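Asker: Have a look at this one.
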Amino acid sequence: MDPSLDIRQYAHTAWKIREGSFKGTILAIAQTPDGYLWLGTEFGLLRFDGERNVPWQPPAGEQLPSSNVRGLLAARDGTLWIGTLQGLASWKDGKLIQYPELAGQSVSCADRGS
């Protein structure tokens with residue numbers, strides 16, 4: 001933000017469920033170093049590019065442990081950690097990795113504080 005601008009010179013838009021921008025409740029939010037906002041919902045993962053929410057699709061033949069995304073964490077190296085109702089996955093450079101040692105377990109993120 002530019003401190004020389006008055007708050008009235010900024011604009012914002014709120015997208016709500018009734019406008020159909022996404023399905024379900026947002027349970028987690030993270031921003032990766034590339035600037036994308038990731039939204040975890042009970043119905044899957046969305047990527048917000050500043051204008052629209054796009055449902056994330058895993059590579060063919062792969063899937064998240066669960067579509068119920070409970071926690072997201074963006075690491076400095078660009079990895080997006082995805083906690084779901086049934087396990088943990090990570091997404092980086094087009095590669096999805098699941099962690100079988102957490103299969104069947106609910107994984108979410110706690111606030112780490114400042």
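Asker: With each label point set 7 Å from Cα along the Cα-Cβ vector, what nm distance links R8 and A60?
Answerer: 5.6
Asker: Still on this model: Sum up the charges of everything whose Cβ sits under 14 Å from the Cβ of G78, counting Lys and Arg as +1 and Asp and Glu as -1, but leave G78 out.
Answerer: Charge balance near G78 sits at +1.
Asker: Counting C-alpha atoms alone, how compact is the chain: give Rg to one decimal and Dmax as a whole number, in angstrom.
Answerer: That works out to 15.6, 51 Å for Rg and Dmax.
Each reported figure results from applying straightforward, stated rules to the coordinates on display, with no laboratory input. Note that this is a predicted model, so its numbers are computed, not measured. No Cβ is skipped: glycine too gets one built from the backbone with ideal geometry, and neighbour counts run over all protein chains shown.
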